[in-house]
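What follows is one structure encoded as structure tokens, with my remarks underneath.
The values are calculated or read from the model by the stated rules, or taken from the named source; none is laboratory data. The model shown is predicted, which means the values in this text are computed figures rather than measured ones. Cβ: placed from backbone, ideal geometry, glycine included. Neighbour counts: every protein chain shown. Heavy atoms of the whole protein, side chains included, go into the accessibility calculation; ligands, DNA and RNA do not. Shrake-Rupley method; radii C 1.70, N 1.55, O 1.52, S 1.80 Å.
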Amino acid sequence: MQAGVAAGHPATMVAGIEILADGGSAADAAVAASLASCVAETVMTGLLGGGHAIYYDAESGRARNLDCFVAVPGLGADPQDAELLQLDVPFGAELVHYAVGPASCGVPGLPAGLVALWEEHGRLPWPRLVEPAARLARDGVEFPPAHAACLAMLAPVMTMNEGARIYAPGGELLTGGERLEQPGLAAALAALAEDRTAVHRGAIGAALLSLCEERGGLVTPQDLEAYSVTWSEPVELDYLGCRVSTRAGLSGLQETVPRLPELAALDETERVLALVDVLEAASSGGGDTTNVTVVDADGNACVLTSSLGLGSGDFLPGLDLHLNSMLGETDLLRGRLEPGGRMQSMMAPTLVFDSAGLSLAAGAAGGTRLRTALLTVVAGIVDEGLSAEDAVARPRFHPAPQVVNAEPGVDEEALNLLEARGRIVRRWPAQHHYFGGVSVVTRTSAAGDPRRNGTGATLP
């Protein structure tokens, strides 16, 4: 494998490449890149969110999943009804319902996950991994057009409370190409560099608990103290003579991969029609998530997906840390939520192995569109022989019940046939982050998703 990094923002990718060039492992680079994403991609993720990862250790040949997703709060407290702010956010052609406010915040897991990756597989000192993100926090970072378009949709939440100063300085929303300034994150990252447990047992956690007490949040001291990550064996699936290692969960990859049609011999019309039948899924939720994919020079690989949900609209004063809103994400609210229990997730960090070993590492953002985005890219590379860049950039579609959403460039004959069969086809005017964000590293290249101004690079 060629050492490389793919991510959802150029600054995130550069942070990972910097750490690889300094001799860091895939885990080191993924941690540094993820921390950088918590500065550069704060409309998508943040330090007070949660995530899922998969790590492949080339020497042992073993892959493991890491669950550092958000937990249900309320340990040690009397049960109470959450007071949530209900709102509808325009998401392309759809109105998506969200519930936000401090009571939507679950117990953060991402910081513990980053520490676990470093403790298990890191080589460089912990403070070194925080340095790239800390520089971005001190200097500000370019706000790309795709993030600005997302902010415009999410402005009612992103500019609540302390967020107005960050995302609408001077009363005007940030636009593409401007600088995103979050000076409080420099203080937060300095605390994390000095004390890697700062979120769960230190100064950042104390600030979170204080804000929850003040505003009616549900996170308790027992919640932070009790939180722990979970390592587990990945789900193993057969696909065209390859082995796919991923996780079970709401993405449905476990059920879908065995049903994927062979595509190499199909024309473009046949390809679209065949995939529509297999990939149909619900179409709600914004998919405010990001992904980092890393392979190092020794062949180790790490894929890490993280999210805040939409975000609660509350920020830790002086630290510019946005609270997650996972308890308000309707797509994740399955079954009874018990304090201390882990919330479910659609995240699906994925590795593909062929007869020669690891051939592909990939992950995706996109909520209910995550599976479609990830599997069409994986199939494009493994089955159709596309490069990573071409597979990620290819026009994307997502089949929801009754409605097939399609970017410009999706085969028009296939769309006409779907309409003739009674499906509604919604033709989007341009590429859009609705269709997910995929980050992939293959043996020869790395690609981030242009829908989110993502990028990839390999080490020279």
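A few notes on this one:
- Percent carbon-and-sulfur accessible area, the chain, ignoring ligands, DNA and RNA, probe 1.4 Å: 51
- Spin-label pair T444-D277: with each label point 7 Å from Cα along the Cα-Cβ axis, the two points sit 3.2 nm from one another.
- Region 156-231: projected area of the alpha-carbon convex hull, averaged over directions, in nm²: 7.3
- In this view, the solvent-accessible surface of C212, computed with a 1.4 Å probe and all protein chains in place, comes to about 0 Å².
- Global geometry of region 30-101, whether rounded, prolate or oblate, following the gyration tensor of its Cα atoms and the 1.5 cut on a/c: oblate
- Every helix of 4 or more DSSP H residues in the chain counts as -39500 (n - 2.57), and over all residues that averages to -9500 deg cm²/dmol at 222 nm.
- Relative packing of 439-452, 177-190, 365-378, which averages over residues the other C-beta atoms within 10 Å, highest first: 365-378, 439-452, 177-190
- Separation between Cα centres of region 16-68 and region 164-193, rounded to whole Å: 22
- Computed from backbone phi, the HN-Hα couplings of region 298-306 come to 8, x, 6, 9, 9, 10, 9, 10, 9 Hz, rounded to whole numbers (Karplus: 6.51 cos²θ - 1.76 cosθ + 1.60, θ = phi - 60°; Gly and Pro given as x).
- Label corresponding to semi-axes √(5λ) of the Cα gyration tensor in Å when calculated from the structure given, among (i) 41, 29, 17; (ii) 32, 26, 21; (iii) 37, 24, 18: (ii)
- Region 443-460 - phi-based ³J(HN,Hα) in whole Hz, Karplus 6.51/-1.76/1.60, Gly and Pro as x: 5, 10, 7, 9, 9, x, 8, x, 5, 10, 6, x, 7, x, 7, 10, 6, x
- Excluding ligands, DNA and RNA, the accessible surface per residue across the chain is 35 Å² with a 1.4 Å probe.
- Kirkwood's formula applied to the C-alpha pairs of region 77-172 gives a hydrodynamic radius of 17.0 angstrom.
- DSSP bridge pairs, the chain: antiparallel proportion in percent, nearest 5: 95
- Note on region 134-291: Cα convex hull, mean projected area over all directions, 14.3 nm².
- Percent RCO, i.e. relative contact order, over region 99-214, from Cα pairs under 8 Å lying at least 6 residues apart: 31
- Shape call, region 11-141: gyration tensor on alpha carbons, a/c limit 1.5: prolate
- Relative packing of 14-25, 130-141, which averages over residues the other C-beta atoms within 10 Å, highest first: 14-25, 130-141
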